[in-house]
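These notes concern the structure reproduced below.
What follows draws every value from the coordinates through simple rules; no lab data is involved. All values derive from a computational prediction rather than experimental measurement. Glycine also receives a Cβ, built like all others from the backbone with ideal geometry; neighbour counts cover every protein chain displayed.
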């Protein structure tokens, strides 16, 4: 079963903060696949991501254009609406796959309309696939669930590993490159700890074999 990081937003301002956190870990070639009902906030989250990428042009829903291009940020952003696309063949026909090699980030709404899309795209190891599901949990509240390989926000040099500490059963997220570590759901520079210090605080040696069920997130 797919595991998600969960965020709760109760205002556009909180959504913008969440978007900034997501954007801080993005890199060229990433593919964001959105899932969510009409009006859930997919375009709102994309606006926040675009702003964090340094894009100043207004971000609008690509419902009728199929794709809106925003090339002027630190990484180009290609915003797709796949509402009228229902097969991988149709996706190929409209040129979606051509954007994979343009050195930008693809953000695709209504990805759930195309069965097997995430699995198909994930076969190409040169691209990361990040799944974002947005659910309405109240009039102004949104539950934002994110799954995909997450780059360390401290060093930007490695993907984060989710693991369980054998002797305590505690679940942690840790960067194998810089040894930053998190025990909280939100992964930000502000709440990072140091792997060695954390392990020693539990009376354990900071050896990687003290961890189990490790997998990249």
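Below are the figures for this structure:
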| quantity | calculated |
| --- | --- |
| Theoretical FRET efficiency, 1/(1+(r/R0)^6), r = Cβ-Cβ of residue 83 and residue 60, R0 25 Å, to 0.05 | 0.95 |
| Folded to 0 to 90 degrees: helix 42-52 orientation relative to the chain principal axis, Cα | 70 degrees |
| Gained length - residue 156 relative to residue 101, 0.36 nm times residue gap less alpha-carbon distance | 17.6 nm |
| Radius of gyration and maximum dimension Dmax of the chain, Cα, Å | 18.2, 59 |
| Gyration tensor verdict on region 120-179 (Cα atoms; rounded if a/c is under 1.5, prolate if a/b is larger than b/c, oblate otherwise) | oblate |
| Alpha-carbon centroids, region 3-39 and region 117-191: separation in whole Å | 12 Å |
| Residue exposure sequence - 38, 199 - by fewest surrounding Cβ within 10 Å | 38, 199 |
| Computed lengthening from residue 137 to residue 170, 0.36 nm per intervening residue step minus Cα-Cα distance | 9.0 nm |
| Rounded if a/c under 1.5, otherwise prolate or oblate - region 173-217, Cα gyration tensor axes | oblate |
| Extension gain, residue 10 back to residue 90 (0.36 nm per residue minus Cα-Cα distance, nm) | 25.2 nm |
| Distance (nanometres) between label positions extended 7 Å along Cα→Cβ at residue 17 and residue 72 | 2.9 nm |
